[in-house]
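Read through the structure below, which is laid out as C-alpha cells, and then see the notes.
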Amino acid sequence: MKNIQGWAHLCFFSPFADNDGAFCEFRGHVISKGNDLNTTNTTTFGIAGAHLPNHKDPYQNDCMDPILFYQTTIKNYDSSISTTIKDTLLVRRVAQDDAAGLYTETYDNQDKQKLIFETEKFLVGSKAIEHVKKYLGQDILKEIKEKYNNNNNNNTNEEEEEEEIIVCMGNIQINI
C-alpha cells in the first residue's frame, strides 16, 4: 500500500441544478513529499473525480447529512518513478457545502484504500477562474462548458463560469 501525504488543490466544475449542490466533476493536483515530509523530494499526482448520482450509501439514515459520491482516479505524473500509480476509489463529500472536504469510509473501497482531504482555503468567482487557468490550463473551462452545457452556444460568459467553479485547497492523505 502506498501512503501519499501532502497538499492538494481540487477544482470543482459545473454544479447540477437542484441536486444537493453536487458538482459534476473535480480535477486537481496532489503534491506529496513522500514518507518524510521534511525532504525536498516531491512527487506530483493528478486527481480527478466524477460524480456518481445514483450511488447510495447502504448505511445512510435520514438524520445524517446528505452525501455525494465521486469515483476518483489518482495518477502519478513523476516520470522518474518506474511504476505508475493509477488507482480509483470511491470518495464522499458532504452535500450543500461548497467548502466540504473529501473522505472515504472503510467499507467503500477494497484493500482499505483511504483518502482524507480537508479544505483550508477556498476560492470562488474570478479568483477560482484564474486559479483554474493557471494550474489546469486555459482550455479546461471550454472543455467543461461543452461537456455539461446542453446549449451549444460558444459564448464565454465569465459571470456564468464564476457560478460553476470552486477551488478547494488543503492537506490530503491517501492510502492506495
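The values are calculated or read from the model by the stated rules, or taken from the named source; none is laboratory data. Bear in mind the structure is a predicted one, so any value in this text is a computation, not a measurement. When we count neighbours, we look across all protein chains shown, and the Cβ atoms used for this are built from the backbone with ideal geometry, even at glycine.
Within region 93-107, is there a residue that is among the basic types (Lys, Arg) and assigned to a helix (DSSP H, G or I)?
Initially, region 93-107 is screened for residues among the basic types (Lys, Arg), giving 93.
Now restrict to residues that are assigned to a helix (DSSP H, G or I): none.
No - not one qualifying residue is present in region 93-107.
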Per the filter on region 81-108, residues among the small types (Gly, Ala, Ser) and at pLDDT 85 or above are Ala95, Ala99, Ala100, Gly101
Picking from Asp111, Asp78, which residue would you name as being over 25 Å from Ser14 (Cα atoms), surrounded by fewer than 17 Cβ atoms within 10 Å (Cβ to Cβ), modelled with pLDDT under 90 and in contact with a Ser or Thr (Cβ under 6 Å, 6 or more places away or on another chain)?
Asp78
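Please go through region 115-162 and pick out each residue that is touching a Leu at 6+ places or on another chain (Cβ under 8 Å) and modelled with pLDDT of 85 or more. Even if it seems obvious, please write down each step before you answer.
Initial filter on region 115-162 (touching a Leu at 6+ places or on another chain (Cβ under 8 Å)): 115-117, 129, 131-133, 156, 161.
Result: Leu115, Ile116, Phe117, Ile129, His131, Val132, Lys133.
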